[in-house]
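These notes concern the structure reproduced below.
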Amino acid sequence: MNWFENAVFYHIYPIGYFGCPRQNDFTSEPTHKILRVIDDIPHIKKLGCNAVYFGPVFESSAHGYDTADYTKIDRRLGTNEDFKKVCDALHENGIRVVLDGVFNHVGDNSLYFNKYGAYPSLGAYQSEASPYSSWFTFYRFPDLYDCWWGVTNLPKIRKTPEYRAFIAEQVIPYYMRLGVGGWRLDVVDEYDGAFLESIVRAVRACDPQAPVVGEVWEDASSKIAYGERKNYFCGGRLDGVTNYPLREALIAFLTGRDTRALAETLHAQYLRYPAANRRCLMNLLGSHDTVRIVNALAGA
C-alpha cells in the first residue's frame with residue numbers, strides 16, 4: 001500500500017459538489033457534470049493532492065447513499081463512460097481514485113426493492129417472487145422490513161451468497177476496470193467478517209496494491225458491533241479506517257477544550273494499531289457526515 005501511505009486526498013461528495021438536484025428524475029438524460037472534475041485537476045494538484053476520494057457515484061434517488069442501481073453512474077453526474085474519462089484524466093496526472101462502496105443498504109426506490117414501481121423489473125417490495133427477495137428481511141411483508149437505523153427509505157441488505165457474489169464478482173471488478181484504485185466502505189461495522197473478506201479478495205484480485213478502508217468512528221482495534229468482535233486489522237480485512245478519533249482530538253486541542261486528548265489518542269493508536277494499518281489511516285478533519293472544520297474550530 002505504498003501509494004496510500006503517502007496519499008493526500010481531495011474529497012468530492014458528488015451530488016453536492018456539482019450542485020445536483022436533491023431528487024433524481026429517472027426520466028432525464030445524463031448531465032455529464034462529472035466531467036468538470038477534469039477541469040479541476042490543476043486546482044487539485046496545486047493543493048498537493050495525489051488522490052481523489054469520491055463519495056457515492058452509483059445511481060440513487062437522493063443523496064447517493066440510497067443506491068438505486070449499482071451498475072450505473074448517477075445520471076445527475078453523467079454516464080459510466082464519463083466516469084472512466086475522469087479516472088483516466090486523473091491517472092494521467094498522477095492522481096489515484098478511491099470510491100465509496102455503499103454495500104450495506106440500498107434505497108427503497110431502487111431496482112432491487114422497487115417500492116414505488118420506478119423500475120420495470122420485479123423488486124423485493126412488490127413480490128416475494130422477486131429475484132431480490134432474499135436480499136431483504138421482511139418482518140411483515142411488504143411494509144415492515146429491516147432498514148438502516150430505522151430509516152425506512154434505506155432497506156438493509158441481507159448479505160446472502162447471491163448478493164456477496166454480485167458485489168465481489170460484478171460490481172467491484174467493473175468499477176476497477178473503469179479506473180477505481182481503492183475503496184472506502186460505508187458503515188463497515190454492519191458487515192460481517194466473511195462479507196468484508198470477500199470484498200477485500202475481490203479488490204486484491206483486480207489490483208494487489210488497492211487499499212480497502214472502512215468507515216469506523218471509534219477505536220478500530222477493539223470494536224464490538226452487532227455481536228461480533230471486528231477484527232479489522234487481521235489479515236484479509238481492512239488496510240485502514242477513517243480516523244475520526246484523531247479529528248476529535250485535534251479539535252479538542254486546537255479549541256483548548258482538552259489539551260491532553262491529542263497526545264493520548266496518538267499514543268493509544270501507536271500502541272493498538274499495527275504499523276501497517278497506522279500508515280493507511282484516512283486522517284480527516286471533516287467529511288460529509290461532520291460539521292465543517294472551520295465551523296468546528298469557531299465553536300459554531
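The values are calculated or read from the model by the stated rules, or taken from the named source; none is laboratory data. No experiment lies behind these values; they were computed from the predicted model shown. As a convention, Cβ positions derive from the backbone with ideal geometry for all residues, glycine included, and neighbour counts pool all protein chains shown. For the accessible areas, the whole protein counts, side chains as well, though only heavy atoms, and no ligand, DNA or RNA atoms are used. Shrake-Rupley method; radii C 1.70, N 1.55, O 1.52, S 1.80 Å.
Where does each of 178-185, 125-132, 245-252 land if you order them by average Cβ count within 10 Å, highest first?
Listed from highest to lowest mean packing, they are 178-185, 245-252, 125-132.
What does the chain give for Rg and for Dmax, in Å, if only its C-alpha atoms count?
Radius of gyration, then largest Cα-Cα span, for the chain: 19.5, 59 Å.
What value, in deg cm²/dmol to 500, does the helix sum -39500 (n - 2.57) over DSSP H runs of n ≥ 4 give at 222 nm once divided by the residues of the chain?
For the chain, the value works out to -8500 deg cm²/dmol.
Whole-Å semi-axes of region 98-250's equivalent ellipsoid, largest first, each the root of 5 times a Cα gyration tensor eigenvalue?
Working through the eigenvalues yields semi-axes of 28, 19, 14 Å.
Under 14 Å Cα-Cα from LYS45, which aspartates and glutamates qualify once same-chain neighbours fewer than 8 residues away are excluded?
Candidates past the 8-residue exclusion: GLU92.
Over region 158-300, average the accessible area per residue using a 1.4 Å probe and give it in Å², no decimals.
47 Å²
Let me check I have the definition right: for region 208-300, take the eigenvalues of the Cα gyration tensor, multiply each by 5, take square roots. What are those semi-axes in whole Å, largest first?
Those come to 25, 15, 13 Å.
Please build a GNM for the chain, connecting alpha carbons under 10 Å apart, and tell me which residue among LEU122, LEU35, LEU266 fluctuates the most.
So, out of LEU122, LEU35, LEU266, the one fluctuating most is LEU266.
With a 1.4 Å probe and all protein chains left in place, how much of the accessible area of region 59-185 comes from carbon and sulfur atoms, in whole percent?
52 percent
Enumerate the lysines that LYS230 could reach by cross-link, defined here as Cα to Cα under 19 Å, with residues fewer than 8 away along the same chain left out.
Qualifying lysines at Cα under 19 Å: LYS159.
What do you get for the angle between helix 80-92 and the principal long axis of the chain? Use alpha-carbon atoms, 0 to 90 degrees, nearest ten.
Relative to the chain, helix 80-92 is tipped by roughly 20 degrees.
Shape verdict for region 210-257, please, from the Cα gyration tensor: rounded (a/c under 1.5), prolate (a/b greater than b/c) or oblate.
Oblate.
Using only C-alpha positions, report the orientation-averaged shadow area of the convex hull of region 1-103, nm², one decimal.
Over all viewing directions, region 1-103 projects a mean Cα-hull area of 6.5 nm².
Based on the mean of other beta carbon atoms within 10 Å per residue, what is the order of 219-230, 8-19, 93-104, most packed first?
With the highest mean Cβ count within 10 Å placed first, the list reads 93-104, 8-19, 219-230.
What do you get when you divide the Cα radius of gyration of region 243-293 by 2.2 N^0.38 Å, with N the number of residues?
It is 1.17.
Could you tell me the distance between the Cα centroids of region 83-140 and region 226-284, to the nearest Å?
Distance between centres, Cα-based: 30 Å.
For region 1-151, what is the accessible area per residue in Å², given a 1.4 Å probe and the full set of protein chains?
In whole numbers, region 1-151 has 45 Å² accessible per residue.
Give me the percent of accessible area attributable to carbon and sulfur for region 194-251, probe 1.4 angstrom.
Carbon-and-sulfur percentage of accessible area, whole number: 54.
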